[in-house]
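Novice: Below is the structure I would like to discuss, written out as structure tokens.
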Amino acid sequence: MKFKRKIYEKLLEWKNSSVKNSALLIEGARRVGKSTIVEEFAKSEYEDYIMIDFMYETDEMKNLFKDLKNLDLFFSNFFLLAGKTLKPGSLIIFDEIQFCPLARQGIKKFVKDGRYDYIETGSLLSLRDNTDNISIPSEERRIEMFPMDYEEFLWAFNDYSTATLLRDVYKGNTQINPNTHEMLLKNFRLYMALGGMPKVVSIFQETHSYIEAEKEKEDIIKLYKDDLLKHDRKYSTECRVLYDNLASELMRENSRFVIRITDKSRSKQIEESVYDLNDSKIATTCYKCTEPMCGLELSKTLGFFKLYSCDSGLLLTSIYKERNMNKEEVYRKIMFGKINSNFGKVFESIVMQTLVSNGLTPYYHTYTLKDGEKEKRYEIDFMVEIGSKVAVIEVKSGSNFKTSSLDCLKEKYPQLKFDKYIISNKAFKRDNDKVWLPIYMTFCLTK
């Protein structure tokens, strides 16, 4: 089943602007729908196309890219092996480009030639793996693709009105009544349970079975772990270990996977592992910033970071496997709102993945204040730059709605102004200097 994806507009923008100056590279984790959306785009926006999947392509095809001196001869042989020819202006798709590095290197010459348009897709971890001995073409325009966000998830169920309604609420043009709020929370729990992997959503729509969808999620997790293990063996990193520990760390009282690197002998190895894991888009990294003002990147602290799963559905599957829980019972708890404190902590991961897919770069921040003779420590879950301001975000998954970390910011930083958000199960409300944002409206926070 094909789903409407926001990235389609970026493909159109590329085609209508600088297509003759660049090829387009779509980066993202495996199974997020890169190949599907590119082929759909090719069918809709071009008279003809060829799609070459290098994961399964023959060595004979891959070897063609070793000699690009005579492009006329190259294309003659290329079309012969592909089984069809193209008119000038058609599209050539290099799917899973990481399995043919020489084809990626050839993009420079192909773009300059100008006969055809080119789109590449690839998984980031494998892309980096296979670029050691080639020149990366400057003629690539890169865009990232993520699992379906909540708005795309609604579209998958033919709901094209809710997101518009919620944006109107956010802008202050309308309100949500209590019954609608409860219905929206219930709908969002389905997204939290399934996640945004297209095949998982498709299977659920076809079977109406959480357990059938669960099997696909387990397959994706196994695929990711196998990829990470291969990478670790090649580069002596610990990506698989970090990924394996996401679920178990989340289930601790700490509620998040926080690492502080203190062992200098292992610091470089761990930092490289975190970098690679983040680069794979299988997980995302939230670094600590020390100065809560515009230019958060300038005060990023590499040795302090939190890790999150790229997808809430995959995270929940990992959690129940970690605790050896009954699948049906897990889904009953989620869908009927009987989420305990541990499962509620998945909210923070959903917020992180939403902010990242919206093009924002989240950081977290800690500070201390004098409390009598002692120092009291506070932590801000996320800080992001929206426009020319820093937005500070607190995520509340349970019934404790105290906002001390946000309330004390004024005392700690009297010279700074922040936009303050509390993301929770509560209905939308603007309260003095804070905005209470229901979890299903997180997608409204954009650049």
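None of the figures in this text is laboratory data; all of them are computed from the coordinates on show. Only a predicted model underlies this, so the values are computations on that prediction, with no experimental measurement involved. Glycine gets a Cβ as well: all are built from the backbone with ideal geometry, and neighbour counts include every protein chain shown.
Novice: Once the principal axes of the Cα atoms of segment 7-144 are found, what is the range along each, listed largest first in whole angstroms?
Specialist: Result, largest extent first: 35, 34, 26 Å.
Novice: Moving on to the next point. What percent do you get for the relative contact order of the chain when only Cα pairs under 8 Å and 6+ apart count? Walk me through the intermediate numbers first.
Specialist: On the way: 706 pairs, mean separation 60.0, N = 447.
Here the relative contact order equals 13 percent.
Novice: Still on this structure: At 7 Å along the Cα-to-beta-carbon direction for both Leu416 and Lys230, put a label point, then send me their distance in nm to one decimal.
Specialist: Placing both labels 7 Å along Cα→Cβ, they lie 4.3 nm apart.
Novice: With 10 angstrom as the radius, rank Arg141, Arg31 by how many other C-beta atoms surround their C-beta, starting from the fewest.
Specialist: On the way: Arg141 16, Arg31 21.
Least to most surrounded, the residues fall as Arg141, Arg31.
Novice: Continuing with the same structure: Can you give me the Cα centroid spacing of segment 42-84 and segment 373-433 in angstrom?
Specialist: 53 Å
Novice: Antiparallel versus total DSSP beta bridges in the chain: what percent is that, nearest 5? Walk me through the numbers before you get to the answer.
Specialist: Working: 27 of 58 bridges.
About 45 percent, rounded to the nearest 5.
Novice: Here's something else I'd like to know. Taking the number of other C-beta atoms within 10 Å as the exposure measure, put Glu218, Glu297 in order starting with the fewest. It would help to have the intermediate numbers written out before the result.
Specialist: Details: Glu218 15, Glu297 11.
Ascending Cβ contact count within 10 Å gives the list Glu297, Glu218.
Novice: Using every alpha carbon pair in segment 57-100, what percent of pairs falls into each 10 Å bin from 0 up to the bin containing the largest distance?
Specialist: For segment 57-100, the pair-distance distribution reads 23, 60, 16.
Novice: Please sort by residue number the trypsin sites (Lys or Arg not before Pro) in segment 359-406 whose DSSP state is loop and whose Cβ has at most 11 other Cβ atoms within 10 Å.
Specialist: Within segment 359-406, the qualifying trypsin sites (Lys or Arg not before Pro) (loop, at most 11 other Cβ atoms within 10 Å) are Lys402.
Novice: Sticking with this one: Could you pull out the GluC sites (Glu not before Pro) across segment 327-397 that fall in loop regions by DSSP (anything but H, G, I, E, B) with no more than 12 other Cβ atoms inside 10 Å?
Specialist: Of the GluC sites (Glu not before Pro), the ones in loops of segment 327-397 whose Cβ has at most 12 other Cβ atoms within 10 Å are Glu373.
Novice: Please list, in chain and number order, the residues 5+ apart from Tyr118 or on another chain whose amide H is under 5 Å from its amide H, with Hs placed from the backbone.
Specialist: The answer is Leu24, Ile92.
Novice: Counting only Cα atoms, I'd like the Rg/Rh figure for the chain, Kirkwood definition for Rh. All intermediate terms of the calculation are to be shown ahead of the outcome.
Specialist: Numbers: Rg = 23.4 Å, Rh = 23.6 Å.
Reported Rg/Rh (Cα atoms, Kirkwood Rh): 0.99.
Novice: Which order do Arg30, Arg233 fall in if you start with the one that has the fewest other Cβ atoms within 10 Å? Please report the intermediate quantities before stating the final value.
Specialist: Details: Arg30 20, Arg233 10.
Fewest to most other Cβ atoms nearby, the residues stand as Arg233, Arg30.
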